[in-house]
Protein chains: 2
Amino acid sequence: MYNFNFCCPTRVIFGKGAIEELPKYIDRNKKVLMIYGGGSIKRNGVYERVKKALEGYNLSEFGGIEPNPKCETCMQAVELIRREGVEFLLAVGGGSTLDGTKFIAAAAKYEGENPYDDIMIKGIEVKDALPLADVITLPATGSEMNDGAVISRIATSEKLPFHSEKVFPQFSIIDPETTFSLPARQTINGIVDTFVHVMEQYCTFDVNAPLQDDWALGILRTLIKEAPKVLSNPADYDARANIFWCATCGLNNWISQGVPQDWATHMIGHELTAFYGIDHAQSLAIVQPRLLKNQKVSKAKKLAKLAREVFGYNEVVDLKAADLAIDAIEKFYNSIGMKTRLADYEIDSSEAAEKIRERFKLRDVHLGEKGTVNADTAYDILKAC
Amino acid sequence: MYNFNFCCPTRVIFGKGAIEELPKYIDRNKKVLMIYGGGSIKRNGVYERVKKALEGYNLSEFGGIEPNPKCETCMQAVELIRREGVEFLLAVGGGSTLDGTKFIAAAAKYEGENPYDDIMIKGIEVKDALPLADVITLPATGSEMNDGAVISRIATSEKLPFHSEKVFPQFSIIDPETTFSLPARQTINGIVDTFVHVMEQYCTFDVNAPLQDDWALGILRTLIKEAPKVLSNPADYDARANIFWCATCGLNNWISQGVPQDWATHMIGHELTAFYGIDHAQSLAIVQPRLLKNQKVSKAKKLAKLAREVFGYNEVVDLKAADLAIDAIEKFYNSIGMKTRLADYEIDSSEAAEKIRERFKLRDVHLGEKGTVNADTAYDILKAC
C-alpha cells in the first residue's frame, strides 16, 4: 500500500426530509446565495422546499449553471457575489451546479484577473474560498463529498479539473426522494459516471491493498444490483438511496487511499464533451471499454479480479478473464440503455481521434496510472470507439 | 436504508515516515501535552521520533494511561493541564491512550466537579474540549477516526462509553511500521476487536443497505486474509498496513451509516473487563459466539450472508448457514490464538453471569439492535460462555 493523506470534513445529511434540516447548518446572520442550474429544481419541488426551509434568511439567487458548467457563467455569479457581499454559497441541483459553485467560491476570493487560466491551467493553489454547501439532487459526480470540480470554458473549448481542500462543501444534503423524478437519461448517466469513477481508482495495478479493492468492487456490485431497480421503478426509495450512496462513495476518495489511480478515460472523455457536447457519462461509456482493451495487459490482474468477484466468472487465466470483464462492463452499460460507440452519437471516430491527438500533443499529455497513455495511444483508442 | 447524519473531519496521515510529518499539523505557538501509556513507546522508538519531530515546541508529558484507561488517572492529567495552561493534546500510543486523551480533553474544559458522573452516566452533552490529535500505534479500537471513548473508574468497577464531535482527533498519524514490534497478544486482540466492531454494525437485521453490508464484509474478508500474515511475519509491511486500515475503517462509522447497530457484545464484554480485568478483545471473543447463538433467529439473514460471502459456504437454509457462520467465527479466533471461553481465563461462568445480571437489572438495560438483550438474556449468554 502507498502512503496517503486523507481528509474529508464534509458532513452528509442523508435521507427523507433532509432538506428541512438546512437551517441547523447555515448561520442566520450570513448573506446566502443559492446557486442552481437550468430550473429542474423548480419543477421537482426542491426549489420551494429550500426556499421554505430558509425563510427569514438574507437569500439571493443565481440560476443558469449549465451541465458542464462554464467559466463564463460562473464569473457572472462572482460579480454578483462581490456586488452584494455574499458570505455563503448554497448549491442546489446536480454535480454541475455544485462544481460551478466550487469554482465560484474560489474565484470570488481570488485576486488575479483570470482565475480559470491561473487555477485550471497553471495550477496555482487556491488559498481561500467562500464557504459553501449543497443540496445535491443527482447521484453522479460525487462532488458532494470531495474537493474537486470540473469547469469548461466556451471561448477555448476546454474542460479542466481543479482540486482544493478550501472548496470541500461544509455539508451536503442528500434526499433520495428528490431523484424520483429524474429523466431516465440522467439516472443512467449517473450510474455509468459512478461506475467509471470507481474503475479509475480500482483498475490499475495491484499494490496489495485488498480492503480498498474490495470496497471498490462493493460499489460496482451494488450498482449492478440496484440499477435495474431504479430504472424499472423510479420511486423505489431504497434503490434510489443505494444508488446515491454509491455515487457519493464512488468519489469521496475512500477507495483511492494508498493506491494508484488512472483517470485516462476521464481525460479523453472530457475532450469528447468539449468538442462535441455529448454528456459526460456518454463520453466515458464510449472511451472506457476501448481504453481497457488497449491497456489490458498492464491492468490484467485487476480486470481478472473484477471478472471473478463482480461478474462471477471462474476463468483462471487473467488475460482471458480480463476480456470477459471488459465485455461484461460494456454489456452492463448497454443493458441499462447507455450507448457506447461514437457512431451512436453521430461522431466520426477518425475526426475525433485526430482532433484530440493534436490537442494532447500540444499539451504533451501522459495519462493513466503509469503515464503510458499519450497522444498516439489516445488516437488508437478513439479510432476504435 | 435509514436516514443518517455523518461527519468525520479527522485527517489521517498514513504510511512510512508519517510521524515526521507532525510539525506540519501542530501550531508551534501552542503549549502541547504529549500523553502516553505504560512506556511501550519508549521501547519501540516512537517516543524518540515524536520528541525529535516536535523539537522546538513547548512540550510537556503525561505518561501512565492504563489499558482500559481510568478516570482517576485522567483526572491527574486534567490537573496538570489546568496548572500549566496546556492548549493542545497529542496522544501517542494505542486506543486506550487516545480514549483517555479524549476524556481528558473534555474534562479539562468541563465546569462541573464530576465529569465522569455527568458525561458517562448522566449523558450530559460535551460542549467544549481541548483540541487533540494522535500518533496511534495499535490497530484495534478505531478511536483514531471517531468521536467515542470508553473510560473505566476503579472506585466503582465501571467501564462506560461517551461520544462527542468535540473530541474527534484533528489528525491521526498511522505508521504501520510502529506495529512491527507489537507482542502477538496485542496484535491478536486488535484483530478480534476489529472483527467484533464490524459485526456489531453489520450483524443485525436487513434494512436494504447493500453497500454498507458489502463494505462491512470486505473488512472481515481482509482481516481473515491478512491476520495469518502478520502473525507469521510481524514485519510484513503491507499486511500490517492492511490490518491497521481495517481497524480504522472498522469503527470510523462508514459501515454503520443508515443501518441498525447491535453493541450488546461490547456492553456485556465491558462488564467482564470491569469485574475480572481481562483484555477488552478477550471479553468480546468470549461473549460474541454465545450472543450470536442466543440471537440467531433474529440475525439469521445477516449471519447467512456472512457464511456465504465471507466464509464461502453454499448452505441455502439461512438458519443452518447462521450456525456455520458462528462456528467459523469462533474457529477463526481460535486459529489466531484467541481463547473464547470463560474457563480459559479461570473465570467461573455462573458467578460472572450472576454478577452481571444483577448490575444490568439495577440499570434496567435493554441491549442489542432490538433492545431484546436484557439482564436475564445476558445471564443465559454468560452461563453458556
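In this calculation the C-beta distance from A:Ala155 to B:Lys24 is compared with R0 = 51 Å, giving a FRET efficiency of 0.85. Annotation: amide H-H contacts under 5 Å for B:Glu158 (H modelled 1.01 Å from N, sequence separation of 5 or more, or interchain): B:Arg153. What helices does chain B have that are whole DSSP H segments, at least 24 Å long along their own axis by Cα, and with mean Kyte-Doolittle hydropathy of -1.0 or more? Length and hydropathy pass: B:184-202, B:210-232, B:318-335.
Across peptide A:200-212, the average count of Cβ atoms from other chains found within 10 Å of a residue's Cβ is 3.
Comparing mean-square fluctuations of B:Ile124, B:Ile19, B:Ile151 from a GNM of chain B with C-alpha springs under 10 Å, the top value falls on B:Ile124. Net charge of the neighbourhood of A:Asp213, taken over other residues with C-beta under 9 Å away and scored Lys/Arg +1, Asp/Glu -1, is -1. Straight-line cross-link partners of B:Lys331 among the lysines, defined as a Cα under 21 Å from its Cα and at least 8 positions apart when in the same chain: B:Lys225, B:Lys229, B:Lys293, B:Lys296, B:Lys299, B:Lys301, B:Lys302, B:Lys305, B:Lys320, B:Lys339, B:Lys383.
Per residue, the average separation of C-alpha pairs within less than 8 Å and at least 6 apart gives chain B a relative contact order of 15 percent. Shielding value for B:9-17 is 5, the average number of Cβ atoms from other chains within 10 Å of each residue's Cβ. Measuring nothing but how far apart in sequence close Cα pairs (under 8 Å, 6+ apart) lie, relative to its length, segment A:11-178 scores a relative contact order of 28 percent.
The amide H of A:Lys31, built 1.01 Å from its N in the peptide plane, has A:Glu87, A:Phe88 as neighbours under 5 Å, considering only residues 5 or more places off or on other chains. Full extension of the chain between A:Glu351 and A:Ile121 gives 80.3 nm of extra length, using 0.36 nm per residue less the Cα-Cα distance. Of the GluC sites (Glu not before Pro) in segment B:116-171, the ones in a loop by DSSP (not H, G, I, E or B) with at most 12 other beta carbons within 10 Å are B:Glu125. Between B:Asp99, B:Asp327, B:Asp117, the residue with the greatest mean-square fluctuation in the GNM of chain B (Cα pairs under 10 Å linked by springs) is B:Asp117.
Dividing the alpha-carbon radius of gyration of chain A by the rule-of-thumb value 2.2 N^0.38 Å gives 0.96.
Mean per-residue shielding of peptide A:221-229 is 2, counting Cβ atoms of other chains within 10 Å of each Cβ. When you filter the chymotrypsin sites (Phe, Trp or Tyr not before Pro) in segment A:153-210 for DSSP loop state and at most 16 other Cβ atoms inside 10 Å of their Cβ, you are left with A:Phe180, A:Phe205.
Springs between Cα atoms under 10 Å define the GNM used for chain B, and in it the highest mean-square fluctuation of B:Asn68, B:Asn146, B:Asn29 occurs at B:Asn29.
Each reported figure results from applying straightforward, stated rules to the coordinates on display, with no laboratory input. Everything quoted here is computed from the prediction, not taken from an experiment. Ideal geometry is used to build each Cβ from the backbone, glycine not excepted, and the neighbour counts take in all protein chains shown.
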